[in-house]
1. With just the Cα atoms of segment C:1-53, tell me how far they stretch along each of the three principal axes, in Å, largest first.
2. Between exposed trypsin sites (Lys or Arg not before Pro) in chain A, where DSSP calls loop and at most 14 other Cβ atoms lie within 10 Å, what's the longest gap?
3. Note the direction-averaged projected area, equal to a quarter of the hull surface, for the Cα convex hull of segment C:1-157, in nm².
4. Please grab the % of Cα pairs in segment B:291-367 that end up more than 20 Å from each other.
5. Beyond 25 Å between alpha-carbons counts as too far, so tell me which of B:Lys258/B:Lys396; B:Lys59/B:Lys326; B:Lys235/B:Lys396 fall in that bin.
6. Taking one equal scatterer on every alpha-carbon of chain C, how large is log10 of I(q)/I(0) by Debye at q = 0.09 1/Å?
7. Once label points are set 7 Å from the Cα along Cα→Cβ at both A:Ile209 and C:Leu51, what is their separation, rounded to one decimal in nm?
8. What does the convex hull of the Cα atoms come to per residue for segment A:129-261, in Å³?
Amino acid sequence: MAASAATREERTAYLFLAPGLALFLLFVMIPVVAAFYLSFCRYDIIHSPHWIGTANYQRIARDIGSQGVFCVSLRNTAQYALGTIPLGMALALALALLVNAGLRGVSIYRTTYYLPVVTSLVAISMVWMWIYDPSYGLLNYLLVLISRAASAVTGHHVLIAPQTWLANPKQAMPAIIAMSIWRGLGYNMVIYLAGLQGIPEHLHEAALIDGASKWQRFRAITWPLLKPTTAFIFVVSVIGASQVFAQVYVMTNGGPNNATTTIVHQIFQNAFSFMKMGYASAMAFVLFAIIFMLSLINLRLMRGGEVEYV
Amino acid sequence: MKPLRLLLILVSLIALCGCGQRRQAVELEFWLADFNEQTRALIDKQLVPQFEAKHPGVKVNTQYISWAHLDEKLTFSFAGGVAPDVFQVGAEYVGGLAYRGMAQSIDEYVNRWGAKDDFFPASWNTCVYQNHVYGLPYLSAPRGLLYRKDLLKAAGFERPPDTWEELAAAAQRMTVRDGPVTEMAGMNLPVSWQIFVEFLWENGGRIFSDDGRRSELNAPAAVEALQFYVDLYNKYHVCPTAGMPQIGGSVPVFASKKAAMEIMNQFGIYNITKYAPELLPLVDVAPTPKRKQRVISVYTDWLAMSPQSRHKDLAWELMAFLTEPKNLAAYNATLFFIPPRRSAAKSADFMQRSPQLQEFVGLMDRYGRSLPAIPEWFEIRTGLQSAIEAAIYGSKTPRQALNDYSRELDALLAERTAPADGS
Amino acid sequence: MKLSLATRAALHVLLIAGAITMILPFLWMLSTSLKPESEIFRFPPNWFPNLWKWANYSEAMHAAPFGRYFVNTAIYAAAITLSNLLLCSMAAYAFARLRFRGRNILFILTLGTMMVPGQVTMVPVFILLKRWPLMGGNGWLGIGGHGLLNSYTGLILPGAVGAFGIFLLRQFFMTLPRDLEDAARIDGCSEIGIYWRIILPLSAPALATLGIFTFTAAWNEFLWPLLIMSKDSMKTLQIGLQVFQTQYTTRWDLLMAGTVVVTLPVLVIFLLGQRYFTRGIALSGMKG
């Protein structure tokens, strides 16, 4: 009886998987394999691919060795990830804690904070281009207001010079990072909110009775039980940050002076503007290898995060 | 409802959506990238109906594609076998299109047509690759030096600057600064490879060798040109700074009365007309300064025909129709560009009314020069732009930037294989 | 947990300050959409138009066949959402509840595909659709015509099943208590029955979550519809908005008006579905 139940289970499994898996195989997995094959070719999309062995990968290696543009894009992408992930996650957690503190109007806050996520990234990028505009933008206007306030308070003529933001090689990437954190906040906040609401009240109450302070409660109860949520957000954030593209393309197109070009921006340019699809595929798989390795490391670190509570 | 049934319904719905299309009368696909509302009104309501009236049974489907996505759309439509019959492309495209078999050479049509000599040479050459013609020029943008006559006079100059030294001197004299903020920039210059090319040519330099296979960007002429460009920014400080309207941004610098001069194409006049019409009588156009030679760079957008087109004769008819002097003038009028045909430039109302535009035409005719036709322009302009930016933002000296890029360029040009397999 | 009035007030202040930061850009979008062009770029910025130009909206909507684009986008987003909900949940159920050979490898492969940027897989998918046999004028071997290009099928099929959906739902299913299923199995219920009558209803929150994510992503998708569709009548809303940007100028007033209109449907979907949100992701295997 056990044997036929097992095969029946297997057959049902295959049946369930079949339609979705067929489409997934055809339109996702096979293209990934095809793209991998293309990374060993010279391919301009219009004519047939032409096998060139590891030449594309060698070119990437040379580029990294000589601090070429792909190397710069790796650095910029890492800068972007380091800038958006820790701060973004911390802010989202803080926000979720605030919203979860039993206030009224939770759904209004939730909607407002999620608004940036609902709008297309292209539209958001364009609005932020205005915010960063050196002459008409909101940010420089705020600097003017601050200058005036400071002058009034101190009695001296204080002037914070208007900044060029997106046209300044040192400020462009931080500007994009700030805008991305703003955008992703709602998304992570909602996920954290859910995680928080999964923590039973009675634990907090028991701790309160025992005289625990807010910080102690957070450290001993909230944070450990949130670990799985944090892990999920982290993995998804890493995958997302490493593939950042739309904001860069719309706001700075990789400039100024290659300060904001990211890996996927390089991939896009090489694939669709320079018609070097093979080289772009090679870059994509280098990226894949990096993310895969990071995920493995993440899994190792996160092991043992399961917390049992009575 | 059982899940299986739902699944079947879903699948059949999707399958139905893929049903074939009905056969129409002869349809021409026409893609335009330079347009605004007036252009669309002109094309959709006047020109296309006129053409369709002349050719009964023919329908022209016009699509307006943004420049930002033209490259991808063209590539994929050719790859998918659904390329447009006639499409508009930019100044750097002829080499790449011809090399990849994405543009049809129209030598026979042009020879039979006989209107070739009516076009300005600088405009016409934009459509030529290896002595074959691949399209018809549709709009042209020559560069010139726009300057404020009143400010120049006030600064003590009788005539516009004619050499680099004069340019730097005039710009410095006319720059007004208030602490870190520039109130009036002596010279409005975007950070652009096109400006560098202008200076390069003025200095007698070249981007490529004669055979187009090697870079000449590490030559002294090129380094001098880039040095001059960088000096305008970082040594003479005559260029706009933060707090000023962003170049290429919302409101143009020159038209906001925050710059005394600029190297700009005829669109600079349009900006004045739109944002500061009272300045119009005070603005004049001079040739860009010369060093070893006088050159005006001209960028032309043109119409190409797809080799995949099933109606090449008709596609040619459309191209010829659109470039008839009257129609060409009307199109360029909507966008404020110079019609690439002499007869059109002369007859156009908006051209005749503007003395500044007439100046531009004169410069274009006498000194105009277009980019050399090379297949790798898309990569080159990106790489060159990076090199220019590196020099201007100070992360490399002009010599370093150009030497480094020159090496890259040589490697890029060496990669070009015989076009037969198109790889 | 009872909070003092002072604490509550302080928290509200913080949250409202944050909410204002969130909304400010949208306020500018809204105010720009109602201004004439001349008023848009001014320093200092003015929030309230001197001249309320409601006509921007009608002008924007008439600049291109947005009605047609709306139909295309709605069909695309709805179809992708429904197919993802159905097919991902079925696959996720198999991964979460059924044992079979190669389960873990297959799951890891599925996750792995999320790490490859979509830009490089677009071309193979494009070629595949172009060579689809017996469609769009193609013969048996897929040559001669243009296959599934320029069709809804070609637009929808590649995105019909996403790795993210499988991942999310599998995590969720793994946290559901097994008692109900075991009881049902003992009662002789088939696997399909369990899936349909027990698992799915319990998963309403996770499904609503995935539905909103998928719908939003599809509604805002730009590149894929751009490349697949070469006919004007098949374009989507996001592509339509491009008409306001030309090489030298952008019609900000019309672009913002158009963007506001295009964003509304997604906002509505979000408001409708957000009740399920928190309950949804709460159990969504953020516990494992």
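No value in this document is a laboratory result; all are computed from the given coordinates. A quick note: this is a predicted structure, and the numbers were derived from the prediction, not measured. Note: ideal-geometry Cβ built from the backbone for every residue, glycine included; neighbour counts use all protein chains shown.
1. The Cα atoms of segment C:1-53 stretch 52, 19, 15 Å along their principal axes.
2. By the stated rule (loop sites, at most 14 other Cβ atoms within 10 Å), A:171-302.
3. Mean projected area for segment C:1-157: 19.3 nm², to one decimal.
4. Roughly 42 percent, once rounded to a whole number.
5. With Cα atoms farther than 25 Å apart: B:Lys258/B:Lys396.
6. Calculated log10 I(q)/I(0) at the listed q: -0.63.
7. For the pair A:Ile209/C:Leu51, the computed spacing is 7.1 nm.
8. 160
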